[in-house]
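For reference, the structure is listed below as structure tokens.
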Amino acid sequence: MTRPIRKDLQEIPPDPRGSAVTIGNFDGVHRGHARIMETLRAESAHPKTRSVVITFDPHPLQVLKPELGLKEITPLSEKARLLFHAGIDEVVALTFNREFAAQTAEEFFRVLLRPPLSLKTLVVGYDFHFGRHKSGGFDLIASLGKTHGVSVHMVPPFEIGGHPVSSRRIRELLRQAQAEEANTLLGHDYLLLGHLTSGRGRGKTLGFPTANLELSFPTLLPPGVYAVRAEFERQHAPGVMALGPRPTFDDHEHSVEIHLLDLPHDPSLKPGETFRVKVLAWIRENQKFPGPEALIRQIKKDIEEARKVLSHKS
């Protein structure tokens, strides 16, 4: 059963024990976020309170600085799935707009104190700020907590390679097609979500039929060929994904094509079928070949390379 994503604090069922809460964007729900969730669960255990994550939809930078063209790592549904999987009781995705952003830290803190949330414990990351102009740093939050009897905890940065794991760092890795490195920081595989569409049948003609996808959430990855694992119709299959235009055929339309390997049986897939595609590694750039024969030879090499990657990931 899919658990609901609350859209308003008033949707949370009241609980006289109150709540242990963390607040943030949590884009990607990476390994640094995992440390925050571990702390939140621990703090909610004694005394027994429910654990609540408050996040925002859309991402605040998409509202406050739209010129940046920020692309998120995870859609809200996947973010919530990862948070629930981490043992969180409630996920609230508050609508972020300029009116919401105009609240002071003190005003928002008072909202958290009231039922049904009834804040008892607040857990924040080391770089957390909230309220108008990011005025609510840890010192202010700790002071408000002391005044109102709320226990406040800061989680230090989680570092890999001598630098804190951050959503910004992961986005940059993905933009550079460094999927393996991004997955290391995420603690799980970067995911594409989409549904099956009708293709032009070129892959089948070449001897490598493909599932053609229309993405339901924009990807951060650049065009190229990638080793992937696809989940669909309660099946799992490794594969090779071609992302972007098809230069050999002078087709400049951006496409997502996956040649599935080692299927337990031939799936009777229909347009609209939902796909979850875990991106494991970059194989090569897109390139134009002199003809179909050269492309076929390269696809065979791509499959060999993908199998090497997949053998190390199994």
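The figures follow:
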{"item": "Extension gain (nm, one decimal) between GLN176 and LYS146, 0.36 nm per residue minus Cα-Cα", "result": "6.4 nm"}
{"item": "Cα gyration tensor category, rounded, prolate or oblate, for the stretch 189-313 with a/c compared to 1.5", "result": "rounded"}
{"item": "Helix-only [θ]222 nm of the chain, DSSP H runs n ≥ 4, -39500 (n - 2.57) each, per residue, nearest 500", "result": "-9000 deg cm²/dmol"}
{"item": "Rounded to the nearest 20 debye, dipole of the stretch 9-164 from Cβ charges on Lys, Arg, Asp, Glu", "result": "260 debye"}
{"item": "DSSP beta bridge pairing in the chain, given as percent antiparallel to the nearest 5", "result": "65 percent"}
{"item": "Residue (of HIS59, ALA86, ALA45) at the positive-pole extreme of the chain, dipole from beta-carbon charges", "result": "ALA45"}
{"item": "Summed side-chain charge close to ARG171 - residues other than ARG171 whose Cβ falls under 14 Å, Lys, Arg +1, Asp, Glu -1", "result": "0"}
{"item": "Amide H partners (placed H, <5 Å) of VAL165, local residues excluded", "result": "PHE158, GLU159, ILE160"}
{"item": "Distance violations [Cα-Cα > 18 Å] among LYS7/LYS120; LYS278/LYS313; LYS288/LYS313; LYS7/LYS79", "result": "LYS7/LYS120; LYS288/LYS313"}
{"item": "Dipole of the stretch 119-197 [Lys/Arg +1, Asp/Glu -1 at C-beta], most positive-end residue of GLY149, LEU174, LEU192", "result": "GLY149"}
{"item": "Other-chain or far-sequence residues with amide H under 5 Å of PHE217's (modelled H)", "result": "LEU193"}
{"item": "Cβ-placed point charges (K, R +1; D, E -1), dipole of the stretch 189-313 about Cα centre in debye, nearest 20", "result": "240 debye"}
{"item": "Alpha-carbon centroids, the stretch 1-69 and the stretch 128-172: separation in whole Å", "result": "13 Å"}
{"item": "Euclidean distance of C-alpha centroids, the stretch 74-110 and the stretch 297-314, integer Å", "result": "40 Å"}
{"item": "Computed over the stretch 1-158: relative contact order in percent, which uses C-alpha pairs under 8 Å that are six or more apart", "result": "31 percent"}
{"item": "Residue of PRO13, PRO58, PRO222 that the Gaussian network model of the chain assigns the largest fluctuation, springs spanning Cα pairs under 10 Å", "result": "PRO13"}
{"item": "Correct option for Cα Rg over 2.2 N^0.38 Å [calculated from the coordinates] among [x] 1.01; [y] 1.11; [z] 1.15", "result": "[z]"}
{"item": "Karplus-derived HN-Hα couplings along the stretch 222-227 (A = 6.51, B = -1.76, C = 1.60, θ = phi - 60°), whole Hz, x at Gly and Pro", "result": "x, x, x, 10, 9, 8"}
{"item": "Surface/4 of the Cα convex hull for the stretch 36-78, nm²", "result": "4.0 nm²"}
{"item": "Karplus (6.51, -1.76, 1.60) ³J(HN,Hα), θ = phi - 60°, over the stretch 51-62, in Hz, Gly and Pro reported as x", "result": "9, 10, 9, 9, 10, 10, 9, x, 4, x, 5, 5"}
{"item": "C-alpha long axis of helix 31-45 to longest principal axis of the chain, angle in °", "result": "40 degrees"}
{"item": "Built amide H within the under 5 Å cut-off of ARG50, gap 5+", "result": "ALA20"}
{"item": "Residue of PRO157, PRO245, PRO66 that the Gaussian network model of the chain assigns the largest fluctuation, springs spanning Cα pairs under 10 Å", "result": "PRO66"}
{"item": "The stretch 9-164 - share of DSSP beta bridges that are antiparallel (%, nearest 5)", "result": "15 percent"}
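Read-outs: derived from the displayed coordinates by stated rules, not from any lab. Nothing here was measured: the structure is a model prediction, and the numbers come from that model. Note: ideal-geometry Cβ built from the backbone for every residue, glycine included; neighbour counts use all protein chains shown.
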